[in-house]
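First up is the structure itself, then whatever we jot down about it.
The numbers here are math on the coordinates, done by the rules we state, and not lab data. Note that this is a predicted model, so its numbers are computed, not measured. We place every Cβ from the backbone using ideal geometry, glycine too, and count neighbours over all the protein chains shown.
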Amino acid sequence: MVIVATVIVAGALLVFTLAKREFRQFDFLLGGIVVGLVIVGGWYVSGRIGFVQEHPDTLQEAWVATNTAAWSHSRSLRRRRSGSSS
């Protein structure tokens, strides 16, 4: 269902952007494709390559170059102080 909605929205945006004849130039299309590929590449690098299965000390998931470990550590400290286990 999500894929169908994504294809519909992407198709509608493509039709909207290519509706005007002025936009159907090589420079504009190349610029849009390059920007789109850079964004997708950034998502791939940050989500797949920067993902660490588990932190060796806490055994929790982490991402490289983010403060996810600090957030999860402070969260576990709050849980211990409050006495809850969830």
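A compact table of results
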item: DSSP-loop trypsin sites (Lys or Arg not before Pro) across segment 11-50, with at most 13 other Cβ within 10 angstrom; result: Lys20, Arg24
item: In order through segment 26-31: 3J(HN,Hα) via Karplus (6.51 cos²θ - 1.76 cosθ + 1.60), integer Hz, x for Gly, Pro; result: 4, 4, 5, 5, 5, x
item: Under 5 Å, built H, 5+ apart or other chain: amide partners of Gln60; result: His55
item: Phi to ³J(HN,Hα) by Karplus 6.51 cos²θ - 1.76 cosθ + 1.60 over segment 19-24, Hz, x for Gly, Pro; result: 5, 8, 5, 5, 7, 7
